[in-house]
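S.K.: Here it is: the structure, laid out below.
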Amino acid sequence: MTPAQLRARAALWSLRAALAALEARALDEAQHIAAEEATTRSLLKSPTWGRRRALGGHADPVAGAIDAPELVRVNQWSKTQADVIVELRGVAEHLPGLAGPLDRLQAAVPHMSDRMADGTRLFADRIDGRVRRKLVIHADRLLVPRALCPTCDTTGLTMRLSPPAEERVIECTTCGGAWLRNEALRSVAA
Ligand SMILES: [Zn+2]
């Protein structure tokens, strides 16, 4: 794979990890909302509220106000998740296969032109950044200390931690160079 393809594949792994964290947060929030709704319902069924309603009847505005709005709280994390899935589907809709949009994008990377791979990486990083800022979780980047880029001789090499070990890539943010971590380690050892 070309450096652009390696970087795109790694970026999609970062996005996958961010989306897993988003899904976990959405599920967690759904449980909170369900618990809140159960509490509200049991309050409304309690003898106190029951009596108030019995005294006031259907026309009692206080009883009516208590029933209505508190039962609905929107799960903002699920909403963000749904928005992101729509965006991913929009980009992946012309790619072959029946898998989810992220899987299809990842499978397509080795067949992409460098320009398309760069576009895919920027797209993945844009959504990844948005999700991570919202969740307040750190970026999936580790600075490789003291190492110089073999191509442009500058420091500032980075590696994402989300890809599985055999797909981890060392990237140069200055010149766009990229190397599979395992191959880079082998060439250092040789
Ligand atoms: Zn470089």
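Rule-based calculations on the coordinates, nothing more; no lab input. Predicted model, so just to flag it, every value in this text is computed and none were measured. As a convention, Cβ positions derive from the backbone with ideal geometry for all residues, glycine included, and neighbour counts pool all protein chains shown.
S.K.: Ser113 fails exactly one of the following numbered conditions: (1) surrounded by fewer than 15 Cβ atoms within 10 Å (Cβ to Cβ); (2) of a type in the set (S, T, N, Q); (3) within 17 Å of Pro163 (Cβ to Cβ). What is the number of that condition?
M.R.: Among (1) surrounded by fewer than 15 Cβ atoms within 10 Å (Cβ to Cβ); (2) of a type in the set (S, T, N, Q); (3) within 17 Å of Pro163 (Cβ to Cβ), the lone unmet condition for Ser113 is (3).
S.K.: Also, I was wondering about something else. Residues of the stretch 24-47 being surrounded by fewer than 13 Cβ atoms within 10 Å (Cβ to Cβ) and charged (D, E, K, R), which ones?
M.R.: Across the stretch 24-47, the qualifying residues are Asp28, Arg41, Lys45.
S.K.: Hey, another quick one. Which pairs turn up if I take residues in the stretch 131-159 that are of a type in the set (D, E, K, R) and look for partners that are within 12 Å of the ligand (Cβ to nearest atom) with beta carbon separation below 8 Å, at least 6 apart in sequence or on another chain?
M.R.: Arg141/Thr158; Arg146/Thr155
This table checks each residue for (1) part of a helix (DSSP H, G or I); (2) within 30 Å of Gly119 (Cα to Cα); (3) among the β-branched types (Val, Ile, Thr).
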residue	(1), (2), (3)
Met1	no, yes, no
Arg9	yes, yes, no
Glu23	yes, yes, no
Ala38	yes, no, no
Leu43	yes, no, no
